[in-house]
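The values are calculated or read from the model by the stated rules, or taken from the named source; none is laboratory data. Quantities reported herein were computed from a predicted structural model and do not represent experimental measurements. No Cβ is skipped: glycine too gets one built from the backbone with ideal geometry, and neighbour counts run over all protein chains shown. Each accessible area value is taken on the protein alone, full model and side chains, heavy atoms only, with ligands, DNA and RNA left out. Shrake-Rupley method; radii C 1.70, N 1.55, O 1.52, S 1.80 Å.
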Amino acid sequence: MPNTSAPSTITVVPAARHAEGVSNDEFRAALSRLAAGVVLVTAQEPPLDPDDPSAPAGEDVGMTATAFMSVSLDPPLVLVSLRNGSRMDELLDEQPLWAVSVLSESQRHVAGRFAMKGRVSDRLLFADIPYRRGEHSGSPLVGGALATMECRTERRVPAGDHTLVIGHVLTAHIPSAEGGPLAYFRGRYRQLR
């Protein structure tokens with residue numbers, strides 16, 4: 001008996017394109033070819049009630065970032081890009097003091113831990129990571145980092161689905177001269193060879 005049903009067809013949906021013609025996938029793939037350094041951005045939430053010394057202190061908050069760069073030498077300015085609505089974006093909208101730890105190649109586990117989506121509380125994430133508190137920001141500065149900086153927000157610039165936070169560098173230290181930097185390339189953490 002002959003098959004009288006219509007031939008099955010597969011509909012291919014083209015990738016969503018922006019008005020300029022580049023798709024999200026094409027954009028991500030192109031930028032994945034740009035190697036980036038990896039940093040941990042940290043800040044301390046203000047106490048729940050600053051007027052009550054017995055009120056619980058705010059939590060430490062951390063976020064892995066690869067969109068971090070130097071902006072100016074005089075004055076010393078840096079920039080970090082934060083996803084709109086992220087916990088760090090909301091915190092740095094109210095808290096002007098924050099810190100950056102430039103991660104070493106041996107700190108891939110730190111980068112991965114603070115990059116997880118749907119993660120546990122930040123308090124637990126910091127539990128077994130050695131750090132000291134910054135003298136100006138009170139933010140955690142990760143032990144073993146290649147460099148640490150404390151910053152004060154100078155400007156917030158809306159940019160698409162992110163906010164560019166420009167910070168004035170208040171302190172800069174090089175606690176460890178050992179090892180190479182942790183890099184991010186083609187969607188993975190890498191070491192320089």
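With respect to the numbered conditions (1) over 25 Å from ASP128 (Cα atoms); (2) surrounded by 13 or more Cβ atoms within 10 Å (Cβ to Cβ), which one is the sole condition not fulfilled by VAL39? All conditions pass for VAL39, except number (1). When ASP89, ASP128 are checked against the criterion of being in contact with a Lys or Arg (Cβ under 7 Å, 6 or more places away or on another chain), of a type outside the set (Phe, Trp, Tyr) and either over 22 Å from ILE174 (Cβ atoms) or in contact (Cβ under 8 Å) with a residue 12 or more places away in the chain (or both), a single residue qualifies: ASP89.
Taking the numbered list (1) buried (at least 16 other Cβ atoms within 10 Å of the Cβ); (2) hydrophobic (A, V, I, L, M, F, W, C); (3) under 13 Å from LEU103 (Cα atoms) in turn, ILE174 passes all entries but (1).
Take the residues in the stretch 107-128 that are closer than 15 Å to ALA43 by Cα and open to solvent by less than 30 Å² (accessible area, probe 1.4 Å); name whichever of them is modelled with the lowest pLDDT. Of everything passing the filter in the stretch 107-128, ASP122 is modelled with the lowest pLDDT.
Open to solvent by less than 20 Å² (accessible area, probe 1.4 Å), within 18 Å of SER81 (Cβ to Cβ), touching a strand residue (DSSP E or B) at 6+ places or on another chain (Cβ under 9 Å) and of a type in the set (Ser, Thr, Tyr) - does that describe any residue in the stretch 150-171? Looking through the stretch 150-171, at least one residue is open to solvent by less than 20 Å² (accessible area, probe 1.4 Å), within 18 Å of SER81 (Cβ to Cβ), touching a strand residue (DSSP E or B) at 6+ places or on another chain (Cβ under 9 Å) and of a type in the set (Ser, Thr, Tyr). Taking the criterion of being within 19 Å of SER137 (Cα to Cα) and either assigned to a strand (DSSP E or B) or touching a helix residue (DSSP H, G or I) at 6+ places or on another chain (Cβ under 9 Å) (or both), the residues of the stretch 35-57 that qualify are VAL39, LEU40, VAL41, THR42, ALA43, GLN44, GLU45, PRO46. In this entry, ASP93 passes the filter for residues that are outside any loop (DSSP other than H, G, I, E, B), surrounded by fewer than 20 Cβ atoms within 10 Å (Cβ to Cβ) and not basic (Lys, Arg). Evaluate the following for ASP128: is it of a type in the set (Asp, Glu) and either in contact with a Cys (Cβ under 7 Å, 6 or more places away or on another chain) or farther than 26 Å from SER72 by Cα (or both)? When the stated conditions are applied, ASP128 passes them.
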